[in-house]
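One structure is given here, and the rest of the page talks about it.
The values are calculated or read from the model by the stated rules, or taken from the named source; none is laboratory data. All values reported here derive from a predicted model rather than from experimental measurement. All Cβ positions, glycine included, derive from the backbone under ideal geometry; neighbour counts span all protein chains shown. Side chains included, ligands, DNA and RNA excluded: accessible areas come from the protein's heavy atoms. Shrake-Rupley method; radii C 1.70, N 1.55, O 1.52, S 1.80 Å.
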Amino acid sequence: QVQLVESGGGLVQAGGSLRLSCVGSGSIFSINVMGWYRQAPGKQRELVASIDSGGSTNYADSVKGRFTISRDNDRNAVYLQMNSLKPEDTASYYCNADVNYSTGFRRRSGNYWGQGTQVTVSS
């Protein structure tokens with residue numbers, strides 16, 4: 001009933017930029033925290049950035065000053081602007097959200113993941 005769909009990944013040279021998008025669909029009436037995670041081969045999934053419903057943001061130290069997270073509550077969307085990309089940013093990037101949604105007359109909450117989008121930065 002709730003889906004998160006990412007887009008915007010790709011191949012870019014070091015120093016380049018990419019913008020990731022994630023849009024939620026389904027019977028969503030509000031979303032609390034939205035975030036971007038990444039997972040490189042052989043490594044654990046890690047938080048890249050998060051943003052709450054009031055717009056407060058949190059970033060991993062490795063991306064501070066280079067990445068910017070933003071959201072559009074009307075579109076149930078979250079974005080990640082990635083500048084000055086480095087080869088070590090290469091990973092699959094996943095959108096995550098704490099979603100409040102309805103099923104008929106009932107309201108429910110759940111944590112959802114997108115399917116992931118690949119970002120590859122060449123040196």
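So SER27 passes all but one of these: (1) in contact with a strand residue (DSSP E or B) (Cβ under 7 Å, 6 or more places away or on another chain); (2) at pLDDT 95 or above; (3) of a type in the set (Ser, Thr, Tyr). Which condition number does it fail?
For SER27, the exception is condition (2).
Of the conditions (1) modelled with pLDDT of 95 or more; (2) at negative phi; (3) open to solvent by 70 Å² or more (accessible area, probe 1.4 Å), GLY65 fails just one. Which one is it?
Every listed condition holds for GLY65 apart from (2).
As an exercise: evaluate TRP113 against (1) open to solvent by 80 Å² or more (accessible area, probe 1.4 Å); (2) over 10 Å from the mean Cα position of the chain (by Cα) and give the number of the one condition it does not meet.
Going through the list (1) open to solvent by 80 Å² or more (accessible area, probe 1.4 Å); (2) over 10 Å from the mean Cα position of the chain (by Cα), TRP113 breaks only (2).
Consider PRO41 against the criteria (1) at pLDDT below 95; (2) under 18 Å from ASN100 (Cα atoms): it satisfies all of them except one. Which criterion is unmet?
Of everything listed in (1) at pLDDT below 95; (2) under 18 Å from ASN100 (Cα atoms), PRO41 misses just condition (2).
Which of the following residues is among the small types (Gly, Ala, Ser), touching a Cys at 6+ places or on another chain (Cβ under 9 Å), touching a residue at least 40 places away in the same chain (Cβ under 8 Å) and at positive phi: GLY116, GLY35? Outline the logic, then answer.
Numbers: GLY35 fails: at positive phi.
None of the other options fit; the residue is GLY116.
Would you mention how many residues in the range 1-56 are open to solvent by less than 50 Å² (accessible area, probe 1.4 Å) and under 18 Å from THR90 (Cα atoms)?
The number of residues fulfilling the criteria is 15.
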